[in-house]
Amino acid sequence: MGSRADISQTIIESLYCEALVLADDVRATFDLSQYDTPTSESDFARIALSVEGLRTTTRVMHVLAWLLNRRAFFNGEMTEFQLRRHGKLPEDRPADPDNLSWLDPQIRDLIRASGRLHARIARLDRAWNDGFEMYPPAILRLHERLGRRVGEI
């Protein structure tokens, strides 16, 4: 990220630790083998748990991948070009409010926490990507000078 780095290695490491803790909570919460669902419980609740579990797990894995790419860059294992090319955070797919209504409050809180973390990382991703100018200022000045000279002909 060179001299344009607004994102320090310390910030990335802190977010990475936070994401790992969240990933562990997500894994434990959505481990469907732990649920002994009575047959009287609604199929909708089981489906909601499965769907939102997959969404939440995917969201957290995208965040972890983004953070791991930044860690690799800071450790010299990726070039800036590779990071720009492969390090974009995929768009979030928010939870379905209908599904959330079937889930326990603790599970809903965990899903919301994963969404908040993704939103924070998305803001960092946008800010970092906005730091790249399409044309460096020197090239812009040269382009303007050429335009003026061509206009004089």
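The values are calculated or read from the model by the stated rules, or taken from the named source; none is laboratory data. Worth saying up front: this structure is predicted, and the values here are computed from it rather than measured. Note: ideal-geometry Cβ built from the backbone for every residue, glycine included; neighbour counts use all protein chains shown. Areas reflect the complete protein model, heavy atoms only, side chains present, ligands, DNA and RNA absent. Shrake-Rupley method; radii C 1.70, N 1.55, O 1.52, S 1.80 Å.
Before moving on, here are some points about what is shown:
- Dipole magnitude (debye, nearest 20) for the chain, charges at Cβ of Lys, Arg, Asp, Glu: 1000
- The residues of the chain expose on average 67 square angstrom of accessible surface per residue, using a 1.4 Å probe on protein heavy atoms.
- The angle between the Cα long axis of helix 9-29 and the longest principal axis of the Cα atoms of the chain comes to about 20 degrees, rounded to the nearest 10.
- Relative to the longest principal axis of the Cα atoms of the chain, the long axis of helix 43-74 makes an angle of roughly 30 degrees.
- Local electrostatic count, Asp96, Cβ distance below 11 Å [Lys/Arg +1, Asp/Glu -1]: 0
- For the peptides 140-148, 110-118, 42-50, the ranking by packing is 110-118, 42-50, 140-148, with the highest mean count of neighbouring Cβ atoms within 10 Å listed first.
- Surface/4 of the Cα convex hull for segment 37-100, nm²: 5.5
- Between 0 and 90°, nearest 10: helix 137-152 axis offset from the chain longest Cα axis: 50
- Percent carbon-and-sulfur accessible area, the chain, ignoring ligands, DNA and RNA, probe 1.4 Å: 55
- Shown here: P(r) over Cα pairs in 10 Å bins from 0, in percent, derived from the displayed model; of the candidates [x] 10, 33, 27, 18, 9, 2, 0; [y] 9, 31, 23, 16, 10, 5, 3, 1, 0; [z] 10, 39, 34, 14, 3, 0, it corresponds to [y].
- When the Gaussian network model of the chain links Cα atoms closer than 10 Å, the mean-square fluctuations of Val26, Val60, Val51 top out at Val51.
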